[in-house]
1. Calculate one ³J(HN,Hα) per residue across the stretch 81-93 by plugging θ = phi - 60° into the Karplus curve 6.51 cos²θ - 1.76 cosθ + 1.60, and present them in order as whole Hz with x for glycine and proline.
2. Regarding the chain, what are the three Cα extents along the principal axes, ordered largest first, in Å?
3. Evaluate the relative contact order of the chain (contact order divided by residue number), counting alpha-carbon pairs under 8 angstrom at least 6 apart; express in whole percent.
4. Please give the FRET efficiency for residue 148 paired with residue 85, using the beta carbon to beta carbon distance and R0 = 30 Å, rounded to the nearest 0.05.
5. If R0 is 41 Å, what FRET efficiency do you get for residue 58 and residue 33 from their C-beta distance, rounded to 0.05?
6. Between 120, 141, 75, whose Cα lies farthest towards the positive end of the dipole of the chain when Lys and Arg beta carbons carry +1 and Asp and Glu beta carbons carry -1, centred on the Cα centre?
7. From the helices alone, meaning DSSP H stretches of at least four residues, give me the mean residue ellipticity at 222 nm for the chain, per-run term -39500 (n - 2.57), in deg cm²/dmol to the nearest 500.
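No lab work stands behind these numbers, since they all come straight from the coordinates. No experiment lies behind these values; they were computed from the predicted model shown. Here the Cβ positions follow ideal geometry from the backbone for every residue, glycine too, while neighbour counts run over all protein chains shown.
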Amino acid sequence: LRDAPYIRRAERESLQSIQKTNRRERKMRRRDREVVQPEKMDEIIECCEVLRLGLNAEDGPYIVPLNFGYAPGSPAKFYFHGAKEGRKAEMIGSGCKAGFELDTGHRLGSAELGCKHTYFYQSVIGTGFVSPVEDLEEKKQALRLIMAHYRKDRAFSFTDEQAGSVAVFCLTVE
């Protein structure tokens, strides 16, 4: 819509509102399998090992698998870290919209006929806004959350120097 200068501002705002409403109202085809309870989503996320972040590149979608830390709440937040330079950091820049997906509990449901096989899994899919974390204390907390997701047997702490040496990003869920 930004590239359509011939649409009057009021019409453009109306169309944007409709698009936002349509995105929110999209329903799963298999409503009987949809998880809408935040507590259940948190349980699924707790079992996941990888978050896949989808970004919009000039040459098409860019999806990157990431280790993550999770901060439930309203809004929920995912944290991940990486190098201060590179494709992911460049694409995120000072902040951008992103899609994400996590999945776990993979299991084949076999049957006598090949076309009757199925595959079971649990997933959480959504969108949000991802941006770099600049505040040193928030970066250290984010790194602790990442470690806590994978190492439940102990707590980790980080120095200012350690936190300052990496890029940390926050994906705020819509």
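1. Those phi angles translate into 10, x, 6, 6, 10, x, 4, 4, 4, 5, 5, 6, x Hz.
2. 58, 48, 32
3. Result for the chain is 23 percent.
4. The pair residue 148/residue 85 has a calculated efficiency of 0.65.
5. Values: r = 35 Å, r/R0 = 0.86.
Given R0 = 41 Å and the Cβ-Cβ separation, E is 0.70.
6. Towards the positive end, the residue furthest out is 120.
7. Numbers: 5 runs with 53 residues, N = 174.
After summing the helix terms and dividing by residue count, I get -9000 deg cm²/dmol.
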